[in-house]
Amino acid sequence: IVHREHQESQEESEPRGQNNPFYFDSDRWFHTLFRNQYGHLRVLQRFDQRSKQIQNLENYRVVEFKSKPNTLLLPHHADADFLLVVLNGRAILTLVNPDGRDSYILEQGHAQKIPAGTTFFLVNPDDNENLRIVKLAVPVNNPHRFQDFFLSSTEAQQSYLQGFSKNILEASFGSDYKEINRVLFGEEEQQQQDEESQQEGVIVQLKREQIRELMKHAKSTSKKSLSSQNEPFNLRSQKPIYSNKFGRLHEITPEKNPQLRDLDVFLTSVDMKEGGLLMPNYNSKAIVILVVNKGEANIELVGQREQQQQQQEESWEVQRYRAEVSEDDVFVIPASYPVAITATSNLNFIAFGINAENNQRNFLAGEEDNVMSEIPTEVLDVTFPASGEKVEKLINKQSDSHFTDAQPEQQQREEDRKGRKGPLSSILDTFY
């Protein structure tokens, strides 16, 4: 077995991360759909265009939305199911249907499925904090491609109502076309005379009195059940499934939430302290799309090197894919590929697990959930160079589970040398 390593620093002349097909640097791989002084909408490049190893993500896209305080993302719908997650700030999400509308106040960690074709709009009601949202999009018409349909006519786009003929609009609204144009689209003369009053795009500013009125009709979602069929749920509403002094992992699976069951997706939020390590593990069948919210980390992913067609199948090569990730970056972890994550600063990331039903996370180290520790001694004896007893002793030496110190020996040496708490320990005491 041959081992190879993908390391971005090998060729400084190449753009950051070009050698790693699973790493999506936010500065390079996001395409801007819309941007103005109030915020932006961006979509990540198609996953299947980066690597054949993640072709099954062809029909999934990642969308990022950011907006400044007191702003509105105008009403629209899309030909895609969305799973929306609030990363930072506060939002009023309103879903509009033929029989009414539902408005919710969302905080950090809240998630909500928006079914394809549902008209919705988003408000950032805060006076000071920016709103940041990430959406997993699952197109319904075409693989990997979706379209937004906005009701309003702005400098960024036409209202989709303008696509209908004059006769259809007059018959549908029971009004003269001039009146329809004036009310819904704006007369050309008025557009030319009063350009400053025209909306500059799909993200616009709201007045405080408008926001206060919208807040009156919005429901608080802080105490909603995870099993709610249609209403938002919060990733942090229950105890973490893994937790110690180095990190914690919250996760909601399809078995616990009908919205996630419809999409066959699990949703994860991970907090890690600087110097913490999420021990090597792999998912049995879920492909994980990791989005960095805050902080920085080093990721090591172990997989099989993509072979050329001319090469023989017998030459199976282990390849390590490394990446230094930071805020807004995306990293894909294919099913069954072992991965380890080291926090180089206080870190938070969220993750979408695709093909989540009946997925099993297997750890390769640690006291609990360690799949290696379940292998009988007799099998270990012929699997590794050392005796089965020695292998067992090594496997069982680690007393931590799931999260641990990334550099325990170095940290201990620093503490012994200084005769006091090292920098990692002091951070750990104050992170939560």
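The values are calculated or read from the model by the stated rules, or taken from the named source; none is laboratory data. Just so we're clear, the structure is a prediction, and the values are computed from it rather than from any experiment. Don't worry about glycine lacking a Cβ; one is built from the backbone with ideal geometry, like all the others, and counts go over all protein chains shown. Side chains included, ligands, DNA and RNA excluded: accessible areas come from the protein's heavy atoms. Shrake-Rupley method; radii C 1.70, N 1.55, O 1.52, S 1.80 Å.
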- prompt: How much net charge surrounds Thr344 when only the other residues with a Cβ under 10 Å from the Cβ of Thr344 are counted, with Lys and Arg +1 and Asp and Glu -1?
  reply: -3
- request: Please compute the net charge surrounding Ala91, taking Lys and Arg as +1 and Asp and Glu as -1 over other residues with Cβ under 11 Å from its Cβ.
  value: -1
- prompt: For segment 201-220 and segment 107-150, what is the separation of their Cα centres, given in Å?
  reply: 17
task: Determine the principal axes of the Cα atoms in segment 250-290, then give the extent along each, sorted from largest to smallest and rounded to whole angstroms.
output: 37, 19, 15
- request: Order Tyr160, Tyr60, most accessible first, counting only protein heavy atoms with a 1.4 angstrom probe.
  value: Tyr160, Tyr60
- prompt: Hull surface divided by four, with the convex hull built on the Cα atoms of segment 68-116: how many nm²?
  reply: 3.8
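When ranked by the protection proxy of mean other Cβ atoms within 10 Å per residue, highest first, what sequence do the peptides 34-41, 140-147 form?
34-41, 140-147
May I ask you to rank Lys113, Lys294 by accessible area, largest first, using a 1.4 Å probe over the protein chains only?
Solvent-accessible surface, decreasing: Lys294, Lys113.
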message: Could you sort Trp29, Trp316 by their accessible area in this structure, using a 1.4 Å probe and putting the largest first?
response: Trp316, Trp29
statement: Regression test value, accessible area per residue of segment 253-292, probe 1.4 Å, units Å², expected 26
task: Treating each Cα of segment 70-183 as an identical point scatterer and ignoring solvent, apply the Debye formula and state log10 I(q)/I(0) at q = 0.10, 0.16, 0.19, 0.21 Å⁻¹.
output: -0.38, -0.86, -1.08, -1.20
message: Please report the projected area of segment 230-381's Cα convex hull averaged over all directions, in nm².
response: 11.5
task: Work out how much length Asn88 to Lys393 would gain on full extension: take 0.36 nm times their residue separation and subtract the Cα-Cα distance, in nm to one decimal.
output: 105.4 nm
message: Using 0.36 nm times the number of residues separating Lys256 and Asp102, minus their current alpha carbon distance, what extension gain do you get?
response: 53.2 nm
